[in-house]
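Below: one structure, written as structure tokens.
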Amino acid sequence: MTQTVSLSFFRFASPLDRIWAFTMMGAARFALPKVPDLQFWKLCGSGTGEGFTPIPNTSVYAILCTWPDHDTAKERLETARIFQRYRNRAAESWSVYLTPTSARGEWAGVAPFRPSPDVDTGPLAALTRATVKPSVAAKFWRQVPDISAMIGANDNVAFKIGIGEVPLLHQVTFSIWPNAAAMADFARKDGPHARAIKAVRDGNWFREELYARFRVIDQSGSWGGKSPFLRLDTI
């Protein structure tokens, strides 16, 4: 079977719902292990703006999960009570379903993604996850605003967000691109992103790293009142 990864985003509007979502960062840890077929999961908050800041955004949260296959992923997200509770509270939610095509590194000591052969069709997603060493956290975050501005101005990126498990120290970036060429052009072009990568390598800033690439295979819900994939039609 081909592993499927789901990444679900939830936006909460009212103060009470935001408080509920914040408390679920702890409480959902007891419910998720009871979901059948769920192999790996992580609860994440987000940063302000597009997420690429150290200032928490109390309205947006995410849940990443891995499943044995696509059909199981869709059924569990639709029927499991914990996901229903999130959707019932959220003003808006969007889930994207992914097939891993490459992965390098670990997440909390685990290699969660099982890559499959790449079919080379459809949009691509990239995920990076890092544990930043506390001693260099300030240097790391000084690099982020320029990178955020650069990716925000890129017409090829269909969706991008910064999320994380622990503010400042455990960081995840997620983005969706129309094809491999557009993704590679952003990653390799000289500028803030390339300079940040060099600084990370030269300074050994990360205690743990994970880099993964996926094919986007499905979606449900909306974000910003529409599907993020609508942008791909204009690229």
Task: Spin-label model distance (nm) - residue 88 vs residue 180, 7 Å beyond Cα toward Cβ - done: 4.5
Task: When each of 42/74; 34/226; 34/160 is checked by Cα-Cα distance, pairs over 23 Å - done: 34/226; 34/160
Task: Length released on extending from residue 79 to residue 20, taking residue separation times 0.36 nm less the Cα-Cα span - done: 19.2 nm
- [ ] Compute the distance in nm between two label points, each set 7 Å from the Cα along the Cα-to-Cβ direction, one at residue 209 and one at residue 166.
- [x] 2.0
- [ ] Quick one: grab the alpha carbon gyration tensor of region 1-63, order the square roots of its eigenvalues as a ≥ b ≥ c, and give me rounded if a/c is under 1.5, else prolate or oblate depending on whether a/b is larger than b/c.
- [x] oblate
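Quick note: the coordinates plus some simple rules give every number you see, no bench work behind them. Treat the numbers as computed from the prediction; the structure is a model and nothing was measured. Here the Cβ is made from the backbone with ideal geometry for all residues, glycine too, and neighbour counts use every protein chain on show.
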